[in-house]
Amino acid sequence: MSLDQSAQNQTPQPLPGLHVAVIMDGNGRWAQNRGWPRLVGHRKGAERVRELVNACPDLGIRYLTLYAFSTENWKRSTEEIMGLMSLFARYIKREAGRMNSEGVRMRVIGDRSRLAPKLRALFDWIETETEANDRMFLTVAINYGGRDEIRRAVQAVARDVASGALTPDAVSDTLLSGYLDTSALPDPDLVVRTSGETRVSNFLLWQAAYSEYVFTPVLWPDFSPETMRLILDAYRQRERRFGGVTP
């Protein structure tokens, strides 16, 4: 058995509960519409993250996965990128105590190799600091891309096949899912994208194969727990058949 497989076998199975993933879009436009720098919108967006995380237990959300920075976002200005990285660090430092007191476990997914060492160390710290919590699970995708994640998973599988720890015939959907960044999470039930855009932007491509989608025109800095409640009310009226038919 490979080291990767051993670690996967030690990962706790996901607990029951609704998993909502959010593409938080519209921060920059929200600020620009008001004549402000884009980073003002990102700071306002961070406030919305705090509000939503606090509201999740009351909304019935046990797993919340947030798309914070994609592998394509490096194309943005250096000023905006540095501002976002600083904002990630400030959020963790400011919210660590609250997350622990509220039973929130935080994880960061994505390729950390391009991130600054201090930020990587902070991610390691918050994951260790909150690893015993199980009331609610917050996952933040930073330098994350669905294609990149699948590529990294396939490379890991290929290494295990080459070493003899795994046979090609053993590679199943379930096994490959165990090599993904989200191996400790259930697949998302619902994916929400804000700002009116109607594309998935390379987010959870494998995991969201049968997720329900909602595209709302609300810009992320205007997105409130009440907005999420209304979306969830509508979601719960949907019939999820996973490729089957209604009897």
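Nothing in this text is a laboratory measurement; each read-out follows from the coordinates by a stated rule. Just so it is clear, the model here is predicted, and its values are computed rather than measured. Every residue, glycine as well, gets a Cβ built from its backbone with ideal geometry; the counts of neighbours run over all protein chains shown.
The alpha carbons of the chain stretch over 59, 53, 36 Å along the principal axes, in descending order.
Stretching Ala132 away from Leu230 to a fully extended chain increases their span by 32.1 nm, per 0.36 nm per residue minus the current alpha-carbon distance. Distances between placed amide hydrogens fall under 5 Å for Asn143 paired with Phe69, Ser70, all partners being 5 or more residues away or on another chain.
Full extension of the chain segment joining Ser163 with Glu79 gains 25.9 nm, where the gain is 0.36 nm per residue of separation less the Cα-Cα distance. When the chain is treated as a Gaussian network with alpha carbon springs shorter than 10 Å, the biggest mean-square fluctuation among Arg107, Arg151, Arg76 belongs to Arg76.
Residues whose amide H comes within less than 5 Å of that of Phe203, counting only those at least five positions distant or on another chain, are Gly146 (H built at 1.01 Å from N in the peptide plane). Potential lengthening of the chain between Lys118 and Arg151 amounts to 9.3 nm, from the contour at 0.36 nm per residue minus the alpha-carbon distance. For region 123-177, a/c is not less than 1.5, where a ≥ b ≥ c are the root eigenvalues of the C-alpha gyration tensor, and a/b tops b/c. That puts it in the prolate class. Can you figure out the FRET efficiency of Gln237 with Leu176, using R₀ = 41 Å and their beta-carbon distance, to the nearest 0.05? Calculated transfer efficiency: 0.80. For the chain, averaging the sequence separation of C-alpha pairs within contact (under 8 Å, six or more residues apart) and dividing by the residue count gives a relative contact order of 27 percent. Residue-wise HN-Hα couplings along region 157-165, as the Karplus relation 6.51 cos²θ - 1.76 cosθ + 1.60 with θ = phi - 60° gives them from phi, are 4, 4, 5, 5, 5, 5, 7, x, 6 Hz; Gly and Pro carry x. About its Cα centre, region 1-148 has a charge dipole of approximately 560 debye under the convention of +1 per Lys or Arg Cβ and -1 per Asp or Glu Cβ, with nothing else charged.
Select from Asp25, Asp233, Asp187 the residue whose mean-square fluctuation is largest in a Gaussian network model of the chain (Cα-Cα springs shorter than 10 Å). Between Asp25, Asp233, Asp187, it is Asp233 that shows the largest mean-square fluctuation. For Tyr213, the residues 5 or more places off, or on other chains, whose built amide H falls under 5 Å of its own are Val191. Sequence-ordered 3J(HN,Hα) estimates for region 146-155 from the Karplus curve with 6.51, -1.76 and 1.60 and θ = phi - 60° stand at x, 5, 4, 4, 5, 4, 5, 5, 5, 4 Hz, glycine and proline given as x. Each of Gln207, Tyr179, Gln32 was placed along the dipole of the chain (beta-carbon charges, centred on the mean Cα), and the one lying farthest toward the positive end is Gln32. The alpha carbon centroids of region 151-166 and region 211-233 are separated by 39 Å. For region 14-104, a/c is not less than 1.5, where a ≥ b ≥ c are the root eigenvalues of the C-alpha gyration tensor, and a/b tops b/c. That puts it in the prolate class.
About its Cα centre, region 91-173 has a charge dipole of approximately 460 debye under the convention of +1 per Lys or Arg Cβ and -1 per Asp or Glu Cβ, with nothing else charged.
Answer rounded, prolate or oblate for region 105-247, using the Cα gyration tensor with square roots of eigenvalues a ≥ b ≥ c: rounded when a/c is under 1.5, else prolate when a/b is larger than b/c, else oblate. It is oblate, given that a/c is not under 1.5 and a/b is not larger than b/c. Under 17 Å from a label point set 7 Å out along the Cα-to-Cβ vector of Trp36, the amide N atoms of region 212-226 belong to 219-224.
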